[in-house]
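Shown next, in structure tokens, is the structure this report addresses.
Quick note: the coordinates plus some simple rules give every number you see, no bench work behind them. None of these values were measured; they are calculated from a predicted model. Cβ: placed from backbone, ideal geometry, glycine included. Neighbour counts: every protein chain shown.
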Amino acid sequence: MEQRHRQILLRNRVRLVTSLQLEDLWDRLLEKEVFSADMVEEIQAAGTRRDQARQLLIDLQSRGSDAFHLFLQCLRGSGQHDLADLLQETGGTREVKTPAPLPPSPPLKIPEPRDDFDQKPKPLNMKTDYPMNFDPCGRCLIINNMAFSEASGLSYRTGSDIDRDKLQRRISSYHFDVMVKNNLKAATRHTRFPGGVFGTDGVPIPVERIVNYFNGSNCPGLRGKPKLFFIQACGGEEKDRGCTVDLGDSGDQPPPHYSHTNSLQSDATAVPPDKKDADETDAQAILPTTSDILVSYSSYPGFVSWRETRSGSWYVENLDEVLAQCSGTFDLQSMLVMVADRVAVKGTYKQIPVYFNSLRKRFFFRTD
């Protein structure tokens, strides 16, 4: 949704929350595909009618560039012309158009087989691989924060909804139960895992705290099971212009990339590490508590993550492509190396994903 449309909703929020008639609106929002049925159920679970109206206005801002005008159509279709007129006085009108297609991404380069790592799917080895022969084989929670409170000073994360939808489709195809939550506030410290993420209220939550909810001490039911975290957020404010390398005679060339100057954004604001809580370099992790955890970051600590407003973040875009083409052959750790290689050659400014890993076995997604 465009910034001017978000401002219109914000200025008229009190009137909308007070007057919005939701019962006549749900079917039209579904018909126009503004929300999915699951999203409507999630909004309806927010509480009272006013609570539902507030949540609808928050989630609406993450539903793409046409969401505002589709919402106006839904208001008129449900007989709420006064509210539609109120928004349209400053919102203007335009025809809802299908956006132009994006340039194609470069083809994925799959590594040549090596003696110790071939491309044939390997049978499950209980000693070296996590068992994934369950249905569902796991749970996945996607938290997508796009619209932040005005007091937070954080900008709207245009394109983040594209990341969300890609990951929801991809992980669902691997026999996971996927739950999506949009625009969550911080309900609430940082040691082993750098950085953090912001709630929509601007309150930072260290990654360490999130991960610790699922460790062996706090969640005994997940002991010995793989716990994966994918963090798409800035690791800092430093912009990496890269360094020159000699490609020699290897034949490797960076894949072509496209650049939309006005559509490239750094991803939100980084949560700086709390120095007083930082571990010493020789700090020792207790294996029984912190084992079987992998945390993948979109960028190296201290550096910016980049996001295209029309195609989503560099990290999630390439993660989704690598998973789509390689998950039937390679384990997760190997695929994350491929993702890092692809992201590293994009753009004028550079970015390199990293991950912290205490998995004791290889992790293969179930693709049957």
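Based on the mean of other Cβ atoms within 10 Å per residue, sort peptides 315-321, 67-73 so the most packed one is first.
Numbers: 315-321: 23.4, 67-73: 21.4.
Highest mean packing first, the order is 315-321, 67-73.
Classify the range 299-368 as rounded, prolate or oblate from the Cα gyration tensor: take a ≥ b ≥ c as the square roots of its eigenvalues, call it rounded if a/c is under 1.5, otherwise prolate when a/b beats b/c and oblate if not.
Values: a/c = 2.55, a/b = 1.51, b/c = 1.69.
Oblate, because a/c is 1.5 or more while a/b does not exceed b/c.
Would you please give the FRET efficiency between Lys181 and Glu31, computed as 1/(1 + (r/R0)^6) with r the Cβ-Cβ distance and R0 = 22 Å, to the nearest 0.05? Write out the running numbers ahead of the final one.
On the way: r = 24 Å, r/R0 = 1.10.
Efficiency at R0 = 22 Å is approximately 0.35.
Which of the three applies to the range 1-83, rounded, prolate or oblate, going by the alpha-carbon gyration tensor with a ≥ b ≥ c and a/c under 1.5 meaning rounded?
rounded
If the limit is 18 Å between Cα atoms, which of Lys181/Lys361; Lys127/Lys225; Lys181/Lys350; Lys166/Lys227 go over it?
Values: Lys181/Lys361 30 Å; Lys127/Lys225 13 Å; Lys181/Lys350 30 Å; Lys166/Lys227 20 Å.
Long pairs (Cα-Cα over 18 Å): Lys181/Lys361; Lys181/Lys350; Lys166/Lys227.
Kindly rank 130-142, 298-310, 21-33, 153-165 from highest to lowest mean number of other beta carbons found within 10 Å of each residue.
Highest mean packing first, the order is 298-310, 153-165, 21-33, 130-142.
What nm value, rounded to one decimal, do you get for the distance between Thr128 and Ser334 when each label is placed 7 Å out toward the C-beta?
With each label placed 7 Å out from Cα toward Cβ, I get 1.0 nm.
Calculate the spin-label point distance for Asn218 paired with Val203, positioning each point 7 Å from the Cα along the beta-carbon direction, and give it in nanometres.
1.5 nm
If you add up the charges near Ala186, with Lys and Arg at +1 and Asp and Glu at -1, over every other residue whose beta carbon is less than 12 angstrom from its beta carbon, what do you get?
Numbers: positive: Lys185, Arg209; negative: Asp201.
Spelling it out: positives minus negatives among the neighbours equals +1.
According to the square roots a ≥ b ≥ c of the eigenvalues of the Cα gyration tensor, what is the shape class of the range 123-162, taking rounded for a/c under 1.5, prolate for a/b larger than b/c otherwise, and oblate for the remainder? Mind showing how you got there, number by number?
Working: a/c = 4.21, a/b = 3.89, b/c = 1.08.
Note, shape of the range 123-162 comes out prolate.
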